[in-house]
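Step one of this worksheet: look at the structure below.
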Amino acid sequence: MAFKYRSLIKKEVGTSLSEINVTPLVDVMLVLLIIFMVTAPMLQTGIGVNLPQAETQTSPAEEGLTLTITKDRYIHLNDTVINQFLLEQKLKEYFYGQEKKVVFLRADKELPYGFVIQVLDIIKRAGVEVVGLVIEPIKEQNRSSR
């Protein structure tokens, strides 16, 4: 009888929580989702450039470096402004050790042709093999007015 008495007196001291409360985790994740949804369109705006229009539309098949020239003759290497005289050096540094050297050039349509050619010459001197010119496709309403 003493054996039964002892087992009745013994109580469980440490109970473990078998379920995790996920409500705070879900709340945090929803707040992060809302923040990313609001800020994502702002990150994609880029640099404002009026690209020339053309009927043919091609999409770049390869990944490359985007070089943008604004109508004020500012040269942007991705998102940083680069001096024209340092462009060749920066391109060489960027493509050092890479097999494929591809640059996509976005130039404003109001830029003088000579300035675009100067920048193309700098790109070629830096050892870039492929240069793609980025254009804007003609919208349907502009095609019908021709």
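The values are calculated or read from the model by the stated rules, or taken from the named source; none is laboratory data. Bear in mind that the values here come from a model prediction, so they are computed numbers and not experimental data. Positions of Cβ are generated from backbone atoms using ideal geometry, with glycine treated the same way; all protein chains shown enter the neighbour counts.
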Subset of the range 73-101 (residues that are surrounded by 15 or more Cβ atoms within 10 Å (Cβ to Cβ) and within 15 Å of ARG125 (Cα to Cα)): LEU87, GLU88, LYS90, LEU91, TYR94, PHE95, LYS101
Near pairs, Cβ below 9 angstrom, 6+ apart or cross-chain, from the range 120-134 (free of Cβ contacts under 8 Å to residues at least 24 places away in the same chain and closer than 20 Å to TYR96 by Cβ) to any residue that is of a type in the set (A, V, I, L, M) and crowded, with 16+ Cβ neighbours inside 10 Å: LYS124/VAL131
Close pairs (8 angstrom Cβ cut-off, 6 or more residues apart or separate chains): closer than 20 Å to GLN98 by Cα in the range 63-87, among the small types (Gly, Ala, Ser) anywhere: GLY64/GLY132; LEU87/ALA126
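For every residue, the table says whether it meets (1) over 18 Å from LEU133 (Cα atoms); (2) modelled with pLDDT of 90 or more; (3) not charged (D, E, K, R).
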site	(1), (2), (3)
ALA2	yes, no, yes
ILE20	yes, no, yes
PRO52	no, no, yes
GLY114	no, yes, yes
VAL119	no, yes, yes
Qualifying positions in the range 102-123 - surrounded by 12 or more Cβ atoms within 10 Å (Cβ to Cβ) and either in contact with a Leu (Cβ under 6 Å, 6 or more places away or on another chain) or among the hydrophobic types (A, V, I, L, M, F, W, C) (or both): VAL102, VAL103, PHE104, LEU105, ALA107, LEU111, PHE115, VAL116, VAL119, LEU120, ILE122, ILE123
For LEU33: the one exception among (1) modelled with pLDDT of 90 or more; (2) surrounded by fewer than 14 Cβ atoms within 10 Å (Cβ to Cβ); (3) within 18 Å of the chain's Cα centre (by Cα): (3)
